[in-house]
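Asks: Take this structure first; my questions come after.
The values are calculated or read from the model by the stated rules, or taken from the named source; none is laboratory data. As the structure is a computational prediction, the values presented were derived from the model and not from experiment. A quick note on method: Cβ atoms are made from the backbone with ideal geometry, for glycine too, and the neighbour counts reach across all protein chains shown. Accessible surface is based on the protein model in full, side chains and every heavy atom, while ligands, DNA and RNA are left aside. Shrake-Rupley method; radii C 1.70, N 1.55, O 1.52, S 1.80 Å.
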Amino acid sequence: MAQNGVSVENQAGRHQEVGHKSLLQSDALYQYILETSVYPREPEAMKELREITANHPWNIMTTSADEGQFLNMLLKLINAKNTMEIGVYTGYSLLATALALPHDGKILAMDINKENYELGLPVIEKAGVAHKIEFREGPALPVLDQMIADGKYHGTFDFIFVDADKDNYINYHKRLIDLVKVGGVIGYDNTLWNGSVVAPPDAPLRKYVRYYRDFVLELNKALAADPRIEICQLPVGDGITLCRRIS
């Protein structure tokens, strides 16, 4: 069995939840957080979508429940209204965002797989927030390039969440820094990448973890050196780095 990207055997006390994402080494501590603070306050629609997603073969791709709660709170704290999400999957983080935005809030959501999004869409519609979402199927980079070329979208987004192809994170950042407003926030997910960012070179990593690790390391280094942003990297879910544009 592999945990945190590293193959290990009989690692007692690790996470048992389907599709879990946590860097905490204690399963009991993670369950305590979920059962004490997350699940009791989780909106019914998010619980329903989380349970639907747990039955999907790619459920490891979903945003964790504690990270969903964090995003929902963050969006309220910054009074976000115009947002973007790159990488939607079944829409758990998208629903967390939509529930946090005001009635006239907007989310431009992009993913290459509309079928996964449509799995969660009935729940989003039942929650009464589907009108806030503009979903576009296909790669995000051409859309971002067109928005920049148009000129009218510069500095218009309050919040942007990226949970997509890690090998394009640097390419996304080059464009998103122009689209997020000064004082706005970009959140990059999976920036601790199963804990593999500190794994030794000969660690027995899963193939996909090893392949994308270098791209995540490159992103983390670039964000730390970018003078246009303030950053905060948090061990929530699989690691999320918040970037506040300052210039």
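Asks: Would you mind getting me the FRET efficiency between ARG175 and LYS126? Use the beta-carbon distance for r and R0 = 35 Å, nearest 0.05.
Replies: The pair ARG175/LYS126 has a calculated efficiency of 0.55.
Asks: Pull up the DSSP beta bridges for the chain and report the antiparallel fraction as a percent, rounded to 5. Present the calculation step by step, with values, prior to reporting the outcome.
Replies: Working: 14 of 33 bridges.
Roughly 40 percent of the DSSP beta bridges within the chain come out antiparallel.
Asks: Residue-wise, which Karplus ³J(HN,Hα) couplings in Hz belong to region 151-158, taking 6.51 cos²θ - 1.76 cosθ + 1.60, θ = phi - 60°, and x for glycine or proline?
Replies: Running phi through 6.51 cos²θ - 1.76 cosθ + 1.60 with θ = phi - 60° gives x, 8, 9, 4, x, 9, 9, 7 Hz.
Asks: Would you mind checking which residues have amide H under 5 Å from ILE229's amide H? H placed 1.01 Å from N; only 5 or more apart, or other chain.
Replies: Excluding prolines and chain starts, which carry no amide H, the hits are ILE246.
Asks: Any chance you could tell me what percent of the C-alpha pair distances in region 104-247 go past 26 Å?
Replies: Working: 3178 of 10296 pairs.
Percent of Cα pairs beyond 26 Å in region 104-247: 31.
Asks: Could the peptides 75-82, 228-235 be put in order, highest first, of the mean number of other beta-carbon atoms found within 10 Å of their residues?
Replies: Details: 75-82: 16.1, 228-235: 14.6.
Ranked by mean Cβ neighbours within 10 Å, highest first: 75-82, 228-235.
Asks: Still on this structure: Of the residues GLN69, GLN146, GLN31, which exhibits the maximal mean-square fluctuation in a Gaussian network model of the chain defined by a 10 Å Cα contact cut-off?
Replies: Looking only at GLN69, GLN146, GLN31, the largest GNM fluctuation is found for GLN146.
Asks: Counting other C-beta atoms within 10 Å, and keeping those with at most 13, which DSSP coil chymotrypsin sites (Phe, Trp or Tyr not before Pro) do you find in region 29-88?
Replies: Sites meeting the loop and neighbour criteria: TRP58.
Asks: Taking amide H positions as placed 1.01 Å from N in the peptide plane, with prolines and chain starts having none, which residues 5 or more places from ARG136, or on another chain, fall under 5 Å of its amide H?
Replies: Placed amide hydrogens put ALA109, MET110, ASP111 under 5 Å from ARG136.
Asks: Another question about this same structure. About the Cα centre, and with charges only on the beta carbon of Lys, Arg (+1) and Asp, Glu (-1), how big is the dipole of region 119-206? Nearest 20 debye, please.
Replies: For region 119-206, the charge dipole is close to 160 debye.
Asks: State to the nearest 20 debye the size of the charge dipole of the chain about its Cα centre, where the only charges are +1 on K and R beta carbons and -1 on D and E beta carbons. Let's see the in-between values first.
Replies: On the way: 25 positive and 32 negative charges, 110 e Å.
Value, rounded to 20: 520 debye.
Asks: Next question, about the same structure. What is the spin-label model distance, in nm, from ALA225 to ASP202 if the labels are put 7 Å beyond Cα along the C-beta direction?
Replies: If labels sit at ALA225 and ASP202, their model points lie 3.0 nm apart.
Asks: Right, next: ³J(HN,Hα) across region 233-247 via Karplus (A = 6.51, B = -1.76, C = 1.60, θ = phi - 60°), whole Hz, x for Gly/Pro?
Replies: Rounded to whole hertz, the list is 9, 10, x, 9, x, 9, x, 10, 10, 9, 10, 9, 6, 10, 7.
Asks: Can you give the calculated 222 nm mean residue ellipticity of the chain, where each DSSP H run of n ≥ 4 adds -39,500 (n - 2.57) and the sum is split over every residue, rounded to the nearest 500 deg cm²/dmol?
Replies: Calculated at 222 nm, the ellipticity per residue is -11500 deg cm²/dmol.
Asks: A further question follows. What percentages, rounded to whole numbers, describe P(r) for region 67-155 computed over all alpha carbon pairs with 10 Å bin width beginning at zero?
Replies: 17, 49, 31, 3
Asks: Sticking with this structure for a sec: Quick one: putting +1 on the C-beta of Lys and Arg, -1 on the C-beta of Asp and Glu, what dipole do you get for region 146-247 around its Cα centre, in Debye to the nearest 20?
Replies: 100
Asks: Per residue, what accessible area does the chain have, given a 1.4 Å probe and all protein chains present, in Å²? Don't jump to the answer; show the numbers that get you there.
Replies: Numbers: 11700 Å² over 247 residues.
The answer is 47 Å² per residue.
Asks: Moving on. Specify which residue in the list MET61, ALA109, VAL88 is farthest towards the positive end of the charge dipole of region 51-130, using unit charges on the beta carbon of Lys, Arg (+1) and Asp, Glu (-1), about the Cα centre.
Replies: The residue sitting most towards the positive pole is ALA109.
Asks: If one computes P(r) from the Cα atoms of the chain, what percent of pairs lie at distances over 26 Å? Don't jump to the answer; show the numbers that get you there.
Replies: On the way: 11200 of 30381 pairs.
Value for the chain (Cα pairs over 26 Å): 37 percent.
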